[in-house]
1. Given the conditions (1) within 16 Å of ligand 1 (Cβ to nearest atom); (2) hydrophobic (A, V, I, L, M, F, W, C); (3) touching a Ser or Thr at 6+ places or on another chain (Cβ under 9 Å), and given that I229 satisfies all but one, which numbered condition is not satisfied?
2. Considering (1) free of Cβ contacts under 8 Å to residues at least 40 places away in the same chain; (2) touching a strand residue (DSSP E or B) at 6+ places or on another chain (Cβ under 7 Å); (3) assigned by the TED database to the domain that holds H242, say which one R41 fails and leave the rest.
3. Report yes if some residue within region 43-51 is loosely packed, with under 12 Cβ neighbours inside 10 Å, at pLDDT 95 or above and assigned to a loop (DSSP other than H, G, I, E, B); otherwise report no.
4. Consider V210 carefully, then state whether it is under 30 Å from P341 (Cα atoms), surrounded by fewer than 22 Cβ atoms within 10 Å (Cβ to Cβ) and within 16 Å of ligand 1 (Cβ to nearest atom).
5. Among T371, T406, which is in contact with a Phe, Trp or Tyr (Cβ under 6 Å, 6 or more places away or on another chain) and of a type in the set (V, I, T)?
6. Looking only at region 336-353, how many residues end up being away from ligand 2 (no atom under 16 Å from the Cβ), touching a strand residue (DSSP E or B) at 6+ places or on another chain (Cβ under 8 Å) and either free of Cβ contacts under 8 Å to residues at least 60 places away in the same chain or open to solvent by less than 10 Å² (accessible area, probe 1.4 Å) (or both)?
7. Could you please find all residues in region 200-218 being within 16 Å of ligand 2 (Cβ to nearest atom) and in contact (Cβ under 8 Å) with a residue 24 or more places away in the chain?
Amino acid sequence: MAHQQQHEHPQLHYKKGEHGLVRHSPYTMLPVPDALEIVLREAVAARREPERVELARAAGLVLAGDARATMALPPFPASIMDGYAVVASDMPGTFPVVGEVKAGRVADFEVKPGTVARITTGAPVPAGADAVIKVEVTELLAERDAEGRQLVKFNVGTAPGRCIRPVGSDIQPDQTVVTASTMIGAAESGLLATVGVKEVLVHPAPRIAVLSTGDELVEADKEPGPGQIRDSNKSMLMAALHQYSSGRWEAIDVGIAHDDPADLRAKVTQGLNEADVLLTSGGVSMGELDLLQPLLEELGTVHFGRVLMKPGKPLTFATVPVPTPGGGTKTVLVFALPGNPVSSLVTFQLFALPALRSLAGHPQPNLRHATAKLSFDAPLDPERPEYHRVKLEWNDHDNCWVAYSTGNQISSRLLSMQSADALLCLPQAEGTLAAGTFVKALLIAHLN
Ligand code: AMP
Ligand code: MG
């Protein structure tokens, strides 16, 4: 029986060992940095052409070209204060008020020497005036002048230009206000709006198909039968896509594939056709029903099938050329993530997330990191570098982040990911890393 299986299984390789046949993976074990380099190289090559979108739909996307102002800001000399538009050389003294100009209006009078005009913040400074004096340093007199005009006493002097924003002082016409590769956040949206940019050239948001694999899985809203469990990875990965893109990336649920070559092929093909990136989970370890790698070998190029890391060793990455409806070809990135939920999420964060951020146009797609002080003795693995899930808390006394373990780190225990802020990078070594040691922490959450 064992002998029959080895011939039926296309992926497991066998070689003669001391006590019989030893099964081993055909894939070289790549160090994490090497694997990440391959992933990012392929992501840059697979980027879709930039497209134009209306500014109102562009928040959260990354600019593909510089955006330039089409006009100056302010477009007129604008008052910085509520007060009076004056002729600077007159001041101080007492002068009659010849008119009033409010924000949004343009004065139909001039301010001649010996007169002043009431003005509000943001209003265009009337012709003739060359400074504004704030209302706080003036006195409104009870009497009026011979022409019945209100009189105001100015207690301080001023200089030409005071309290006026000259034309173009915030933004010059034709100035680049947002450079390519910047994500359009709050400030950028405001800047683009203010300078009259109505459409922007952006990197399109990636579309990601998510597929679970395994005969034991049922959808999350179904009751598992004997020997079955609910699919947690699909809900988890769909939520991760939403979380890390603030809802910008399009996630497509391709369902659950049985451990059956025809069903797997059909669902993988559906995912490849509909998306830029396919995330699968399960079916990449050393079991007889781990059918994904042979399928990906057939459809495209498997760049690696094992990574030197814990958790997540069987992570597999492939690129597949797929014909598009327009008659062209696209390259789909496929991350065949390990089935254990923790391994799935950690490999998503370490590899798929930077690739997606790169596709989305981010110039620095990798996870950001911080240094954190261990609050516990961290056990090390002599065979693999480990990504230990931790919560980070800022310690005011020591002026540093302190890392607290999320508990048992077995790769099936998703509770160890819950409320984790970071993945601690523990070296491959014997023994433990003592509490108090400073360690690199890759950030997987916004730190509140
Ligand atoms: P596999 O890589 O397919 O051998 O799966 C490894 C482990 O992860 C097994 O215990 C599976 O039952 C479990 N697993 C695989 N996919 C999922 C999933 N979508 N949700 C929950 N557990 C899963
Ligand atoms: Mg499986």
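The values are calculated or read from the model by the stated rules, or taken from the named source; none is laboratory data. Owing to the predicted nature of the structure, the values given are computational and were not obtained by experimental measurement. Because the Cβ atoms are built from the backbone with ideal geometry, glycine has one as well, and the counts that use them run over all protein chains shown. Keep in mind that these areas ignore ligands, DNA and RNA; they rest on the heavy atoms of the full protein, side chains included. Shrake-Rupley method; radii C 1.70, N 1.55, O 1.52, S 1.80 Å.
1. Result: I229 passes all but (3).
2. R41 satisfies all of (1) free of Cβ contacts under 8 Å to residues at least 40 places away in the same chain; (2) touching a strand residue (DSSP E or B) at 6+ places or on another chain (Cβ under 7 Å); (3) assigned by the TED database to the domain that holds H242 except (2).
3. So far as region 43-51 goes, yes, one or more of its residues are loosely packed, with under 12 Cβ neighbours inside 10 Å, at pLDDT 95 or above and assigned to a loop (DSSP other than H, G, I, E, B).
4. Numbers: under 30 Å from P341 (Cα atoms): yes; surrounded by fewer than 22 Cβ atoms within 10 Å (Cβ to Cβ): no; within 16 Å of ligand 1 (Cβ to nearest atom): yes.
No.
5. Values: T406 fails: in contact with a Phe, Trp or Tyr (Cβ under 6 Å, 6 or more places away or on another chain).
On inspection, the qualifying residue turns out to be T371.
6. Of all residues in region 336-353, those away from ligand 2 (no atom under 16 Å from the Cβ) come to 345-346, 348-353.
If we keep only those that are touching a strand residue (DSSP E or B) at 6+ places or on another chain (Cβ under 8 Å) as well, we get 346, 348-352.
Retained after the next criterion (residues that are either free of Cβ contacts under 8 Å to residues at least 60 places away in the same chain or open to solvent by less than 10 Å² (accessible area, probe 1.4 Å) (or both)): 346, 348-349, 351-352.
Of the residues in region 336-353, 5 are away from ligand 2 (no atom under 16 Å from the Cβ), touching a strand residue (DSSP E or B) at 6+ places or on another chain (Cβ under 8 Å) and either free of Cβ contacts under 8 Å to residues at least 60 places away in the same chain or open to solvent by less than 10 Å² (accessible area, probe 1.4 Å) (or both).
7. Step one: of region 200-218, the residues within 16 Å of ligand 2 (Cβ to nearest atom) are 210-218.
Across region 200-218, the qualifying residues are V210, L211, S212, T213, G214, D215, L217, V218.
Residues are listed down the side, and each one gets a yes or a no for (1) open to solvent by 30 Å² or more (accessible area, probe 1.4 Å); (2) aliphatic (A, V, I, L, M):
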{"residue": "R368", "(1), (2)": "yes, no"}
{"residue": "P379", "(1), (2)": "yes, no"}
{"residue": "P382", "(1), (2)": "yes, no"}
{"residue": "V390", "(1), (2)": "no, yes"}
{"residue": "D421", "(1), (2)": "no, no"}
{"residue": "L424", "(1), (2)": "no, yes"}
{"residue": "L443", "(1), (2)": "yes, yes"}
{"residue": "H446", "(1), (2)": "yes, no"}
